[in-house]
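The values are calculated or read from the model by the stated rules, or taken from the named source; none is laboratory data. Since this is a predicted model, take the numbers as computed values, not measurements. Virtual Cβ from ideal backbone geometry, glycine too; neighbours counted across all protein chains shown.
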Amino acid sequence: MMKGKDALVIVDVQNDFCPGGALAVAGGDEVVPRLNAYIEKFEKARKPIFATRDWHPKKTIHFKAYGGQWPPHCIQGTKGAELRSDLRLPRTASIITTGALPDEDGYSGFDGRDERGMALAELLRRSGVERIFVGGLATDYCVKHTVLDGLKHGFKVVWLEDASRGVDVAPGDSARAAREMLARGAKKAGGPEVLIHE
């Protein structure tokens, strides 16, 4: 993998967040072909690709039964926690696991770690990354938190609007998330206009 300034961060494109899943995002499966196009573009340019996954224990503060906001979803080792089979991740992609401990929500990819225990920010810096492109599920939660944390860690961040979908627990949550991301300094892009640094 050539060191380069750009990286792709795909957020939580898992079965439970897609239609038919335990916490389905409306149109969640629609992000897959768009993300596959970005994967192809980044792979061709030999830029690093990261994919985050929610990976909750059965008992976690994240779930309603234990004081959290959500019904059970993405429980470790279940079909619902698996990344979508039609997401064409290359073997070189790094998987970042979030929310794996009983006392963590893990909304942001920057809260997660790879299989060696390395945090996302450290992995990005080791790869010489300065700018990240973020898309996935869901706009108003894990995508938003990953974008905002990326900015806090000093990375330039581009939100892939066409490759994100929101939960909208309250009507307008996704629109508010979009405004917040842009107000904090993220850029938005989508489709052929996305240019990565060679």
Going by what's in this entry, would residue 65 be described as modelled with pLDDT of 95 or more and surrounded by fewer than 16 Cβ atoms within 10 Å (Cβ to Cβ)? yes
Odd one out for residue 89 among (1) hydrophobic (A, V, I, L, M, F, W, C); (2) surrounded by fewer than 19 Cβ atoms within 10 Å (Cβ to Cβ); (3) out of contact with any Phe, Trp or Tyr (no Cβ under 7 Å at 6 or more places or on another chain): (2)
Could you please find all residues in region 154-185 being of a type outside the set (S, T, N, Q), touching a residue at least 40 places away in the same chain (Cβ under 8 Å) and closer than 23 Å to residue 39 by Cβ? 160, 162, 163, 165, 166
Taking region 7-55 and the residues there that are at positive phi and either in a helix (DSSP H, G or I) or modelled with pLDDT of 95 or more (or both), the one that is surrounded by the fewest Cβ atoms within 10 Å (Cβ to Cβ) would be 20
Considering only residues that are assigned to a loop (DSSP other than H, G, I, E, B) and over 17 Å from residue 137 (Cα atoms), which ones fall in region 65-92? 67, 68, 76, 77, 78, 90, 91, 92
Quick one: which of 129, 134 is farther than 18 Å from residue 30 by Cα and buried (at least 16 other Cβ atoms within 10 Å of the Cβ)? 129
Would you be able to tell me the number of residues in region 93-110 that are touching a strand residue (DSSP E or B) at 6+ places or on another chain (Cβ under 7 Å) and surrounded by fewer than 17 Cβ atoms within 10 Å (Cβ to Cβ)? 1
Tell me whether region 79-87 contains one or more residues that are under 15 Å from residue 8 (Cα atoms) and at pLDDT 95 or above. yes
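Which of the following residues is part of a helix (DSSP H, G or I) and in contact with a strand residue (DSSP E or B) (Cβ under 9 Å, 6 or more places away or on another chain): 147, 158? Spell out how you get there, then give the answer.
Numbers: 158 fails: part of a helix (DSSP H, G or I).
The unique qualifying residue is 147.
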